[in-house]
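To keep things clear, I will list the structure first and then write my remarks on it.
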């Protein structure tokens, strides 16, 4: 049961980190793309795109850490 909670913690942390990194990267990308296209970009788009990325990162981190801990104990 401890392996599950450790894997859940790793998944949560990886999801949060990837969310904030994605938001930061996408903000810079939109700030650069705005002047090139002569429009003011919608910055809420960053949250809409970063949320699925964070969910995917959390699930991937959880799965990889759980599989590695189960294989290590066998």
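Quick one, can you get me the convex hull of the C-alpha atoms of the chain expressed as volume per residue in Å³?
On the way: hull volume 5.2 nm³, N = 74.
For the chain, the hull spanned by Cα atoms encloses 70 Å³ per residue.
Run lengths n ≥ 4 of DSSP H only: what is the helix-derived mean residue ellipticity at 222 nm for the chain, with -39500 (n - 2.57) per run over all residues, to the nearest 500? Kindly include the intermediate steps, with their values, before the conclusion.
On the way: 2 runs with 65 residues, N = 74.
About -32000 deg cm²/dmol.
Using only alpha carbon pairs under 8 Å that are at least six residues apart, calculate the relative contact order of region 2-73 and give it in whole percent.
Numbers: 62 pairs, mean separation 39.7, N = 72.
It rounds to 55 percent for region 2-73.
If r is the Cβ-Cβ distance from residue 5 to residue 56 and R0 is 22 Å, what FRET efficiency results, to the nearest 0.05?
Numbers: r = 21 Å, r/R0 = 0.96.
Once the sixth-power term is evaluated, E becomes 0.55.
What is the angle, in °, between the Cα long axis of helix 2-37 and the longest principal axis of the Cα atoms in the chain? Nearest 10 is fine, range 0 to 90.
The two axes meet at around 10 degrees.
Throughout, read-outs are computed from the coordinates displayed, never taken from laboratory work. Small disclaimer: the values here were computed from a predicted structure and weren't measured. Don't worry about glycine lacking a Cβ; one is built from the backbone with ideal geometry, like all the others, and counts go over all protein chains shown.
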